1. By how many nm would the segment from D84 to K67 grow when fully extended, if each residue of separation counts as 0.36 nm and the alpha-carbon distance is taken off?
2. For Cα pairs less than 8 Å apart in space and 6+ apart in sequence, what is the mean separation divided by the residue count of the stretch 3-112, i.e. the relative contact order in percent?
3. Can you tell me the FRET efficiency between D12 and K102 if r is taken as the Cβ-Cβ distance and R0 is 30 Å, rounded to the nearest 0.05?
4. How large, in percent, is the carbon and sulfur part of the accessible surface of the chain at a probe radius of 1.4 Å?
5. Of all the Cα-Cα pairs you can form in the chain, what percent are over 19 Å apart?
6. Give the relative contact order (percent, whole number) for the stretch 12-75; include only Cα pairs under 8 Å separated by 6+ residues.
7. Can you work out the Karplus-derived ³J(HN,Hα) for every residue in the stretch 96-103? Use 6.51 cos²θ - 1.76 cosθ + 1.60 with θ = phi - 60°, whole Hz, and x for glycine or proline.
8. How charged is the neighbourhood of I11? Take every other residue with its Cβ under 15 Å from the Cβ of I11, and add Lys/Arg as +1 and Asp/Glu as -1.
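The values are calculated or read from the model by the stated rules, or taken from the named source; none is laboratory data. Quantities reported herein were computed from a predicted structural model and do not represent experimental measurements. Reconstructed Cβ throughout: ideal geometry from the backbone, glycine too, with neighbour counts over all protein chains shown. Ligands, DNA and RNA are stripped out before the accessible areas are found, and what is left, the full protein with its side chains, is counted by its heavy atoms. Shrake-Rupley method; radii C 1.70, N 1.55, O 1.52, S 1.80 Å.
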Amino acid sequence: MEVKSKIWIEIDGKPAFGLGRKELLEAVDKYGSITKAAQTLGMSYRKAWSRIKKMEECFDTKFVVAKTGGTGGGGATITEDAKDIIDKYEKILEGINEHINKKFRSILILNL
């Protein structure tokens, strides 16, 4: 038996960053494409682009730099700010689930 939890960051009551947005930025970084990242995550390009724009608005910074297609093709890269928020989010998550499960087990045992 395990307790599951989700941790996300809100700014002014609006979801700004969480696991799904982290995975989106990582996919853009891996594939160099918002389209490919969206396909890999099972979402539309429009939804992916909307999430990126909302993150950027919440943090008031650029997370993805997109280059329009053409002869050389398009593409996208994530910024250092995007890499920084991913790193900080991962640090927040370190040990959280283990702590929650440990507390849950101690409460469950006390109440049996």
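1. Working: separation 17, 0.36 × 17 = 6.12 nm, distance 2.15 nm.
Full-extension gain reported as 4.0 nm.
2. Values: 104 pairs, mean separation 26.2, N = 110.
RCO, the stretch 3-112: 24 percent.
3. Details: r = 33 Å, r/R0 = 1.10.
Efficiency for this residue pair is about 0.35.
4. Details: 4150 of 7780 Å².
About 53 percent, which is the carbon plus sulfur part of the accessible surface.
5. Summing the P(r) tail past 19 Å for the chain gives 53 percent.
6. Numbers: 47 pairs, mean separation 17.9, N = 64.
Across the stretch 12-75, relative contact order equals 28 percent.
7. 4, 4, 4, 5, 4, 5, 4, 5
8. Details: positive: K14, R21, R51, K53, K54, K88; negative: E10, D12, E56, E57, D60, D81.
With Lys, Arg at +1 and Asp, Glu at -1, the neighbours total 0.
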